[in-house]
Amino acid sequence: MRKRFEQQLRIGQKPISEIVINTKYRSGFPKLVMALKLLFVTPEYNEKIFNILEEKIVKMKKNTGRKGMDLWVLFVLAQTRLCLNTSYDELHRMANEDRMLREIMGVEFDLYYSNEPIEFEYQNILDNVSLLDDDTVKELNQVIVAMGHDVFKKKEEEPLRLKTDSFVVESNVHFPTDYNLLWDSGRKCIDILDKFIMKYKNISGWRKLALWYRSLKNSMRALGQVGKGGGKDKESRLLKAATDYLAKANLFLDKLEKQKQNLPLNDLQDLNLQIQLEYYQSMLIKHIDLVERRIIKGESIPHEEKIFSIFETFTEWITKGKQNPSVELGKNFQVTSDQFNLIIDHKVMEHEVDKSTVIALADRLLSKFKVESWSFDKGFYSKINKEILGLYINQLVMPKKGKLNQVEKAQEHERKFKKIRNQHSAIESNINGLEHRGLDRCPDKGYAHFKRYLGLGVCAYNLHRIGAQLFKIEREREKEKEKELKIAA
């Protein structure tokens, strides 16, 4: 049965509430530990965090069986990975060897005692952190934000000053072209066939599977070399390379279509491989068609027919008018921060533009928080957005795109408007902080894991911000103590 945390301490085990953190450290991890400690020792937030985790992970599970990873350990490991923007391999090493991390997880013992240390396996860490989902992480972030407001706010009723912007989080894909996606599709079909052959030695018809692999790859590289190069008769050479590539791909596709009915279907593993093979075969057919239409027939392929990864199919081709990079492959990620630089709301945008998300965003936030001012950039402007938000926000900054009339010009030249608009750029610092928490490129596979990864990055960023403020408060206390000791002396 999975527990919240191990309440019965063993001899030599250090309580989490007694952890001492040196405030002279300048790295990010001690600040995370400071915030996690406050979260653990404050009953109000401790209870909320564990209720959320139990609702997601423990509910509908039996109270018997093998003991799973404690919920607190799971939560700490998830935040540590994103705070340090590290891999599961490094997280595995830290979980077993880093004293500070083990102390905040509550699994560290004094050296004087000979208890066997609690150790974690790599797969155990990976499987448990993956139990969280996007909705659960959003609920966890609301508790963290509430704790942060208690730390930062001088007055409980102090209203928030919000800033909203979006940026691109890249998915873990290579730069897509139709011919290299054709190769990806072909090689994955070959990989699955190889798994069948390894499992069933009597499968016939694929003796030259390795040759098919080399042949398709060499043809793909030959086409790429001609395409990116120059020289005499490039058009004819490109046409010949594409024709050869398509001929080999079609031969492989014909053979696959004839032979796949001979593949065995004896268990669930075989069924899973068959489903994967059908998908990658469909991608192979699609990209043979795209390459033929683009290079052989000279067609211009409509954007909606293209996909940008056969693995991370949610990936979008995003152009934001920037010089470098001019194109980003991933998803737009919308964040809203307050005057304390805490991210109070985040959302992965589903083929949306900024201005289409404003009303839904206002519905989410105005029901939870008292808002004094709210700033956006020009991408969020529409006449309806400005009129509706203006009914609820006294100081709304939403600059208009294009030419201004006299009334609009007067509004945008007001002193308060210009001041808040100038302060809006602070959200770029928040975005930079998120990118340092791993939200520049997501290494996790699958859309559900992509969304969870982004949510955990926001939580880790907020905990780091809270920890930095706690460090500041603690340092001021230490200075006051030093002054009192000097006066007493």
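Quick rundown of the values:
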| read-out | value |
| --- | --- |
| Selection count, the stretch 117-169, where residues are part of a helix (DSSP H, G or I), open to solvent by 50 Å² or more (accessible area, probe 1.4 Å) and of a type outside the set (Ser, Thr, Tyr) | 8 |
| Top-ranked residue in the stretch 440-462 [being more than 8 Å from the chain's Cα centre (by Cα) and aromatic (Phe, Trp, Tyr); ranked as least open to solvent (accessible area, probe 1.4 Å)] | Tyr461 |
| Residue list for the stretch 51-76, filter: out of contact with any helix residue (DSSP H, G or I) (no Cβ under 6 Å at 6 or more places or on another chain), over 23 Å from Asp150 (Cα atoms) and open to solvent by less than 70 Å² (accessible area, probe 1.4 Å) | Glu54, Ile57, Val58, Gly65, Gly68, Asp70 |
| Residue match in the stretch 106-116 (condition: open to solvent by less than 50 Å² (accessible area, probe 1.4 Å), assigned to a helix (DSSP H, G or I) and touching a residue at least 60 places away in the same chain (Cβ under 8 Å)) | no |
| Residues located in the stretch 390-409, provided they are open to solvent by 60 Å² or more (accessible area, probe 1.4 Å) and aliphatic (A, V, I, L, M) | Leu391, Val407 |
| The lone exception for Arg237 - which of (1) at positive phi; (2) touching a helix residue (DSSP H, G or I) at 6+ places or on another chain (Cβ under 7 Å) it fails | (1) |
| Filtered residue count, the stretch 1-50, keeping only those that are at pLDDT 90 or above, exposed (fewer than 14 other Cβ atoms within 10 Å of the Cβ) and within 29 Å of Lys62 (Cβ to Cβ) | 2 |
| Filtered residues of the stretch 368-389 (kept if outside any helix (DSSP H, G or I) and exposed (fewer than 12 other Cβ atoms within 10 Å of the Cβ)) | Lys370 |
| Lone unmet requirement of (1) at pLDDT 95 or above; (2) farther than 24 Å from Met34 by Cβ for Asp127 | (1) |
| Contacts under 7 angstrom Cβ, first residue in the stretch 404-426 being in contact (Cβ under 8 Å) with a residue 40 or more places away in the chain and within 21 Å of Ser382 (Cβ to Cβ), partner among the basic types (Lys, Arg) and not in a helix (DSSP H, G or I), 6 or more apart | His424/Lys163 |
| Check on Glu299, loosely packed, with under 14 Cβ neighbours inside 10 Å and touching a helix residue (DSSP H, G or I) at 6+ places or on another chain (Cβ under 7 Å) | yes |
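Quick grid of which residues meet (1) at pLDDT below 90; (2) touching a His at 6+ places or on another chain (Cβ under 9 Å):
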site	(1), (2)
Ser367	no, no
Lys370	no, no
Ser373	no, no
Phe376	no, yes
Gly379	no, no
Lys383	no, no
Glu387	no, no
Val397	no, yes
Val407	yes, no
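The values are calculated or read from the model by the stated rules, or taken from the named source; none is laboratory data. In this text the structure is predicted, and so the values were computed from the model without any measurement. Reconstructed Cβ throughout: ideal geometry from the backbone, glycine too, with neighbour counts over all protein chains shown. These area figures cover heavy atoms from the full protein model, side chains too; ligands, DNA and RNA do not enter into them. Shrake-Rupley method; radii C 1.70, N 1.55, O 1.52, S 1.80 Å.
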